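Working notes for the structure below.
The values are calculated or read from the model by the stated rules, or taken from the named source; none is laboratory data. Just so you know, these numbers come straight off a predicted model, no measurement behind them. For neighbour counting, all protein chains shown are included, and Cβ atoms are generated from backbone atoms with ideal geometry for every residue, glycine included.
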Amino acid sequence: MLLNPVSRAVQEAAHSGIREIGNQALRTPGAIRLEVGQPNFPTPDHIVAAAKRAMDEGWTGYTATAGLLSLRERISAKLSRVNGIDSDPETEITIGPGGVGAIAAVMAALVEPGDEVLLPDPGWPNYRLMTVWTGTTPVYYPCSAERGFEPEPEQVGALVGPRTRVLMVNSPNNPTGAVYRAEVQRALLDIAERHGLWVISDECYDELVFDGTFTSLATLTQSDRVISGYTFSKSYSMTGWRIGYAVGPANVIDGAVKILESNSSCVSTISQKAAEAALDGPQACVAEMRDAYRRRRDLACAQLGELGLLLARPSGAFYVMADVSAAGADSRDFAFRLLEEQRVAVAPGTAFGEIPARAVRISLASSDEDLAEGIARLATALGR
Ligand code: PLP
């Protein structure tokens with residue numbers, strides 16, 4: 001029987017380069033896992049208890065696609081408290097399946113096939129995958145280690161063309177941990193205003209900032225061109241609960257809701273009730289996890305610095321980039337060799353773009369011991 005092939009776009013798209021090494025690590029008994037992008041803490045007890053209660057109380061049906069209004073009201077209060085963003089919970093917020101689901105729905109609501117989307121290099125690989133099924137073209141703006149992995153606004157401006165539609169900004173950044181200064185974000189906004197671009201500000205690590213202050217990009221403009229994405233995954237260690245949200249102008253959020261109607265109907269009601277408990281309950285758990293990441297950041301930076309492998313000191317998220325150019329090979333080959341010979345998994349820089357091709361991402365979401373031992377073995381592999 002004749003069968004059509006799967007779409008050309010997905011045939012040509014590569015799987016995430018982080019997953020590739022993670023899958024190999026699963027087949028490597030006893031491997032130290034420093035490639036992971038999820039907190040190594042359990043979801044706090046009071047959140048788990050709320051989910052169990054929700055099931056017992058029958059919160060098991062669909063909700064509105066945008067999510068329970070009672071949750072959106074709490075999110076609106078959080079956005080005001082933490083981010084300084086004012087929002088109408090009825091029209092300007094949608095919940096989505098993870099930050100990724102909310103951001104992808106917003107992206108789909110903004111672009112036409114053939115448009116160009118400005119993405120950071122290094123950047124989270126999922127943005128590239130979103131261009132695959134939206135039929136858009138990624139154009140990468142460099143964020144070099146020499147500049148602390150911040151974008152250079154002039155270079156971003158030079159990449160804008162007639163088809164550029166969206167500028168994706170991600171601070172605190174995965175994989176670099178860079179937290180962009182307000183003046184840099186303001187300059188990015190100026191470019192967006194000059195060229196009529198939408199800005200998606202992925203702020204999924206907004207509550208994991210170690211030094212200084214973090215400014216939510218949307219607070220730097222009066223215009224209606226910024227849509228911000230957030231998640232419960234990182235702040236509350238809820239990666240598997242699949243719940244995040246986006247806030248922005250009502251027409252864009254309404255568009256994102258249409259997309260979400262087609263692919264998720266709504267986020268699990270049980271997760272939504274758990275998320276309400278996360279926002280209602282004590283926030284000390286967020287601070288405790290942040291403090292642990294900060295301590296590990298300090299330990300890892302000291303160790304990498306002594307070895308001459310530190311590329312830039314991260315100020316947020318939970319990653320640090322290490323220089324592996326001494327390996328000669330590109331970082332993908334090096335990561336596989338490191339796993340095989342030293343039993344340490346790290347995310348190769350090649351998974352995040354061209355700029356970090358000779359770097360690797362080390363996750364701080366690991367125990368202090370694993371982190372220290374993993375970095376020591378990395379140094380051994382590099383002959384240090
Ligand atoms: N944005 C960035 C930069 C991330 O690193 C992640 C997760 O790794 C997300 C968004 C989305 O996370 P989730 O879909 O679990 O909310």
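Observations on the model:
- Identity of the residue in segment 44-73, out of contact with any helix residue (DSSP H, G or I) (no Cβ under 7 Å at 6 or more places or on another chain) and closer than 22 Å to C204 by Cβ, that ends up farthest from the ligand (Cβ to nearest atom): E73
- Qualifying residue in segment 82-101 (condition: more than 16 Å from the ligand (Cβ to nearest atom), farther than 22 Å from V286 by Cα, in a helix (DSSP H, G or I) and out of contact with any Pro (no Cβ under 6 Å at 6 or more places or on another chain)): no
- Filter result for P175 (more than 27 Å from T213 (Cβ to Cβ), buried (at least 19 other Cβ atoms within 10 Å of the Cβ), in contact (Cβ under 8 Å) with a residue 24 or more places away in the chain and within 15 Å of the ligand (Cβ to nearest atom)): no
- Consider segment 117-145 and keep the residues that are under 21 Å from F214 (Cα atoms) and not in a strand (DSSP E or B). The one that is nearest to the ligand (Cβ to nearest atom) is W124.
- Long-range neighbours under 6 Å by Cβ, at least six apart or interchain, first residue in a helix (DSSP H, G or I) within segment 294-307, second surrounded by 15 or more Cβ atoms within 10 Å (Cβ to Cβ) and among the charged types (D, E, K, R): C301/R313
- Segment 279-291 residues that are closer than 18 Å to A51 by Cβ, paired with ones that are part of a helix (DSSP H, G or I) and of a type in the set (K, R) (beta carbon under 7 Å, 6 or more apart): L279/R74; L279/K78; D280/R74
- Selection status of A9, at pLDDT below 95, exposed (fewer than 13 other Cβ atoms within 10 Å of the Cβ) and in contact with a Gly (Cβ under 9 Å, 6 or more places away or on another chain): yes
- From D254, D224, residue being more than 15 Å from the ligand (Cβ to nearest atom), touching a residue at least 12 places away in the same chain (Cβ under 8 Å), under 21 Å from A109 (Cβ atoms) and assigned to a loop (DSSP other than H, G, I, E, B): D224
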